[in-house]
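S.K.: Got a structure for you, questions after.
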Amino acid sequence: METSLFDTALTHGLSINEMLSGIFGSISLTAWICLLLPQLITNYKAKSAEGLSMAFLAVWLFGDIANLSGALVTGLAPTATALAGYFCISDIILISQSLYYNTINARKARQRTRSTETNATEDEPLLQPRRRSSSGLPGSHRRHSIHHSESGLDPIKRIVTGEDETPDSNPWLHNALSVAAIYIVGAAGWFVSYKVGAWDKPDDFEEPSAESPVAVLGLVLGYASAVCYLCARLPQIAKNYREKSCEGLALLFFLLSLTGNLTYGLSVFSYSPEPAYIIKAIPWLLGSLGTIVEDCIIFYQFRIYSKSPQSKSNGVDDTA
């Protein structure tokens, strides 16, 4: 059956490279479609987006906008162009949710401060500093009060599982199974979409020449997006290191990001073996495959910061 599908694809004008590009792109698209759900759910349960660096999200969005613009003017693989458009939409959704929770929580923090100042008396001037210092180092008070008011679970469990209510004894295994399901669903999705004619190439399709101003502009935009992607995770890595915590981050969010970047790069790389196309696709390859290294750093942070000592007993996070 698999052979007949490939033979049929060849007779309809698709090469092996184009089929592989389509399959990898479909897997990547599936990963990116599901990417937001773990982090959106984590933010919703915690009623907070404190774990995310807004600089990370902002630079990521800028890179996706440049990526989409470059893909459109360069005539990149159809899957690459479709993914770039979806990236922008997904970024806006996550940024909007994060800004909403940050605004709401900042407003609540101001209200608590005003209420505390109003209710304070001259007989207890030293009580307020003592209560504030019990929540950890500066910058940890707001996240601490938000999370522990919502749930009595130990923060370390939320770091490992990415959830606030149901601890997971083996999150890495379960998340790996989720990623495997993404590969299966994505590959099956490509064959289904192909059978309904979604990948038929138009007869008048032609790519812009490499020397045209449009192609040069697309290449510049591609390199701009690559630089943004490579720099976007640095604020998040720095934030995790500074707070010695990955609390508020969904592990599956970054696993799906790794899957999406890997298969996205394979989709671009396998679309055509021609050297001219590979050179044209270099910025997109750098932007997708290069961030895998930074994702691995974040995975390492998940590991080491989930093994904090028992000094966090009684709900106090001393390393936040």
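The values are calculated or read from the model by the stated rules, or taken from the named source; none is laboratory data. Since we're looking at a predicted model, the values are computed, not measured. Here the Cβ is made from the backbone with ideal geometry for all residues, glycine too, and neighbour counts use every protein chain on show.
S.K.: Being touching a residue at least 12 places away in the same chain (Cβ under 8 Å), more than 24 Å from Leu37 (Cβ to Cβ) and in contact with an Asp or Glu (Cβ under 9 Å, 6 or more places away or on another chain) narrows it down to one residue among Leu230, Leu286; which is it? Steps first, please.
M.R.: Numbers: Leu286 fails: in contact with an Asp or Glu (Cβ under 9 Å, 6 or more places away or on another chain).
Of Leu230, Leu286, the one residue that is touching a residue at least 12 places away in the same chain (Cβ under 8 Å), more than 24 Å from Leu37 (Cβ to Cβ) and in contact with an Asp or Glu (Cβ under 9 Å, 6 or more places away or on another chain) is Leu230.
S.K.: Hey, another quick one. Can we say Leu256 is at pLDDT 90 or above, closer than 19 Å to Ile95 by Cβ, out of contact with any helix residue (DSSP H, G or I) (no Cβ under 7 Å at 6 or more places or on another chain) and in a helix (DSSP H, G or I)?
M.R.: Working: at pLDDT 90 or above: yes; closer than 19 Å to Ile95 by Cβ: yes; out of contact with any helix residue (DSSP H, G or I) (no Cβ under 7 Å at 6 or more places or on another chain): no; in a helix (DSSP H, G or I): yes.
Against the criterion (at pLDDT 90 or above, closer than 19 Å to Ile95 by Cβ, out of contact with any helix residue (DSSP H, G or I) (no Cβ under 7 Å at 6 or more places or on another chain) and in a helix (DSSP H, G or I)), Leu256 does not qualify.
S.K.: Further, regarding this structure: Scan the range 186-201 and tell me whether some residue there is closer than 23 Å to Leu256 by Cα, β-branched (Val, Ile, Thr) and modelled with pLDDT of 55 or more.
M.R.: Step one: filter the range 186-201 for residues closer than 23 Å to Leu256 by Cα, giving 186-193.
Next, from what is left, pick out any that are β-branched (Val, Ile, Thr): 192.
Now restrict to residues that are modelled with pLDDT of 55 or more: 192.
Looking through the range 186-201, at least one residue is closer than 23 Å to Leu256 by Cα, β-branched (Val, Ile, Thr) and modelled with pLDDT of 55 or more.
S.K.: Out of (1) at pLDDT below 75; (2) surrounded by fewer than 17 Cβ atoms within 10 Å (Cβ to Cβ), the odd one out for Val216 is which?
M.R.: Result: Val216 fails condition (1) only.
S.K.: Among what's in the range 245-271 and is of a type in the set (Gly, Ala, Ser) and within 20 Å of Ala226 (Cα to Cα), pick the residue that is surrounded by the fewest Cβ atoms within 10 Å (Cβ to Cβ). It would help to see each step written out before you state the result.
M.R.: Narrowing the range 245-271 to residues of a type in the set (Gly, Ala, Ser): 245, 248, 250, 257, 260, 265, 267, 270.
Checking the rest, the ones that are also within 20 Å of Ala226 (Cα to Cα) come to 257, 260, 265, 267, 270.
Working: Ser257: 21, Gly260: 25, Gly265: 23, Ser267: 28, Ser270: 19.
Among residues in the range 245-271 that are of a type in the set (Gly, Ala, Ser) and within 20 Å of Ala226 (Cα to Cα), the one surrounded by the fewest Cβ atoms within 10 Å (Cβ to Cβ) is Ser270.
S.K.: Then there's this: Could you say whether any residue in the range 164-185 is of a type in the set (Gly, Ala, Ser), at pLDDT below 75, out of contact with any Asp or Glu (no Cβ under 8 Å at 6 or more places or on another chain) and closer than 30 Å to Tyr101 by Cα? Reasoning before the result, please.
M.R.: The first filter runs over the range 164-185 and keeps only residues of a type in the set (Gly, Ala, Ser), leaving 169, 176, 178, 180-181.
Next cut, at pLDDT below 75 only: 169.
Still in the running and out of contact with any Asp or Glu (no Cβ under 8 Å at 6 or more places or on another chain): 169.
Adding the requirement that they be closer than 30 Å to Tyr101 by Cα leaves 169.
Within the range 164-185 (the criterion being of a type in the set (Gly, Ala, Ser), at pLDDT below 75, out of contact with any Asp or Glu (no Cβ under 8 Å at 6 or more places or on another chain) and closer than 30 Å to Tyr101 by Cα), the answer is yes, since at least one residue qualifies.
S.K.: Inspect the range 259-274 for any residue being out of contact with any strand residue (DSSP E or B) (no Cβ under 7 Å at 6 or more places or on another chain) and either more than 29 Å from Ser15 (Cα to Cα) or at pLDDT below 75 (or both) and give the result as yes or no. Steps first, answer last, please.
M.R.: Restricting attention to the range 259-274, the residues satisfying the condition of being out of contact with any strand residue (DSSP E or B) (no Cβ under 7 Å at 6 or more places or on another chain) are 259-274.
From what is left, the residues that are either more than 29 Å from Ser15 (Cα to Cα) or at pLDDT below 75 (or both) are 273.
For the range 259-274, residues out of contact with any strand residue (DSSP E or B) (no Cβ under 7 Å at 6 or more places or on another chain) and either more than 29 Å from Ser15 (Cα to Cα) or at pLDDT below 75 (or both): present.
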